[in-house]
Amino acid sequence: MLHSAGPGRDPLAIEAQAVRWAGDAIEYVDQRLLPHETVVRRATTAEELEDAIKTLAVRGAPCIGVFGAYGVAMLRAQISDDKKFEAAVARVREARPTAVNLRWAIERVLKSKDMLVEAQAIHNEQREIDRRIAEAAAELIEPRAAIYTHCHTGALATAGTGTALGTILFAARAGKKPRVFVGETRPLLQGGRLTYYELTQAGVDATLVVDSAAAISMQRKEIDLVIVGADRIARNGDTANKIGTYALAIIAAHHRIPFYVAAPRSTFDFTLESGRDIPIEERSAEEVATFGETRVASKGANAYNPAFDVTPNHLITAFVTEYGILRPPYGESIADLQLRPNMSALLSTS
Ligand code: MRU
């Protein structure tokens with residue numbers, strides 16, 4: 001089982017370590033098996049790194065960034081031939097196309113003098129970034145707020161303490177007693193498997209709903225706000241996140257419910273003008289044709305299975321970042337964010 005805080009204990013004290021540099025390998029918790037089994041695996045080659053990311057054994061935008069950073073540092077120590085090293089790095093970098101954190105972290109490591117030290121810095125900074133995001137979100141979450149969230153954005157998804165889910169756990173730690181509606185997040189059920197478990201283990205009031213119950217939940221359950229994470233945010237604020245996020249934003253707008261996106265600066269892609277240019281990963285039809293281990297549709301069923309969608313900026317009330325809350329016009333607030341020093345610079349001067 002995943003070791004987390006347990007009812008009555010600190011909601012942020014999650015002990016499971018998503019990813020760990022183990023000296024000769026990268027150890028990671030296989031998130032596909034959670035919450036029923038906690039299996040720690042080791043990756044020692046580019047193929048194993050690629051496979052862990054592609055199969056979502058390691059998942060969540062910041063977490064795959066940390067994993068890729070350690071991975072590239074490990075591969076550099078193993079492969080002296082530059083051409084072979086570049087090919088190995090490309091395998092890892094291209095394993096998932098939507099989350100920009102993977103590319104961002106790999107580029108940062110490649111540019112550094114000591115790749116392992118840089119990977120460790122990226123990992124350490126994530127905890128501080130997540131803490132600052134949770135602090136910034138505090139003013140948005142009133143006592144006893146009913147919150148709707150989607151997918152999984154906790155400690156295992158960031159290798160820190162979590163973004164959107166971290167803000168909720170932080171509010172719980174502050175005694176605000178949030179009530180959380182968790183969308184199960186078909187097809188891979190990150191909400192049903194991970195978010196619901198993490199909340200209940202932390203003693204937070206959680207209610208699981210199928211994704212298609214989002215509209216009635218917002219209509220009848222007095223939801224105060226929606227908060228989700230992100231995989232890539234363009235310069236104008238258009239946001240790619242887990243499939244279903246766009247629908248949630250439309251439903252929230254219809255019911256005049258604030259819709260927040262919690263994400264670190266590393267999830268903003270300052271090179272992209274709008275969400276039109278965000279590549280959307282399409283996954284296998286098999287994920288749709290099955291429910292867990294059970295086949296639902298006939299063998300060989302045709303399916304469209306985008307892993308992410310893009311929520312247009314006008315549906316987003318605000319972004320919560322480690323540099324505070326960004327509000328529209330996003331062209332301006334995101335341009336300001338780009339000018340901020342990165343967390344490593346901030347931490348080295350504090
Ligand atoms: O396919 P996944 O499970 O990696 O998708 C994860 C999400 O969409 C999360 O919301 C996002 O990566 C932010 S994690 C802090």
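The values are calculated or read from the model by the stated rules, or taken from the named source; none is laboratory data. Quantities reported herein were computed from a predicted structural model and do not represent experimental measurements. Here the Cβ positions follow ideal geometry from the backbone for every residue, glycine too, while neighbour counts run over all protein chains shown. Just so you know, the surface numbers come from the protein's heavy atoms only, side chains and all, with ligands and any DNA or RNA stripped out. Shrake-Rupley method; radii C 1.70, N 1.55, O 1.52, S 1.80 Å.
Quick notes on this one:
- Qualifying residue in region 227-234 (condition: closer than 27 Å to Pro143 by Cα and exposed (fewer than 15 other Cβ atoms within 10 Å of the Cβ)): no
- Members of region 287-303 that are within 16 Å of the ligand (Cβ to nearest atom), modelled with pLDDT of 95 or more and over 16 Å from Arg96 (Cβ atoms): Val288
So that you can scan it fast, the table gives a plain yes or no per residue for (1) farther than 24 Å from Gln338 by Cα; (2) near the ligand (Cβ under 10 Å from one of its atoms); (3) surrounded by fewer than 21 Cβ atoms within 10 Å (Cβ to Cβ):
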{"site": "Leu116", "(1), (2), (3)": "yes, no, yes"}
{"site": "Ile129", "(1), (2), (3)": "no, no, no"}
{"site": "Arg132", "(1), (2), (3)": "no, no, yes"}
{"site": "Glu135", "(1), (2), (3)": "no, no, yes"}
{"site": "Glu139", "(1), (2), (3)": "no, no, yes"}
{"site": "Thr158", "(1), (2), (3)": "no, yes, no"}
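- Set side by side, the residues Gly183, Gly160, Gly192, Gly175 differ, and just one is over 18 Å from Leu34 (Cα atoms) and of a type outside the set (D, E, K, R), which is Gly175.
- Region 160-170, residues that are at pLDDT 95 or above and either more than 9 Å from the ligand (Cβ to nearest atom) or within 16 Å of Ile325 (Cβ to Cβ) (or both): Thr163, Ala164, Gly166, Thr167, Ile168, Leu169, Phe170
- When the residues of region 120-150 are filtered to those that are over 18 Å from the mean Cα position of the chain (by Cα) and touching a residue at least 40 places away in the same chain (Cβ under 8 Å), the one that is nearest to Phe319 (Cα to Cα) is Leu140.
- Check on Pro178, over 29 Å from Ala119 (Cβ atoms), over 15 Å from the mean Cα position of the chain (by Cα) and open to solvent by 20 Å² or more (accessible area, probe 1.4 Å): no
- Here Gly162, Gly203, Gly166 are screened, and the one residue that is in a loop (DSSP other than H, G, I, E, B) and surrounded by 24 or more Cβ atoms within 10 Å (Cβ to Cβ) is Gly162.
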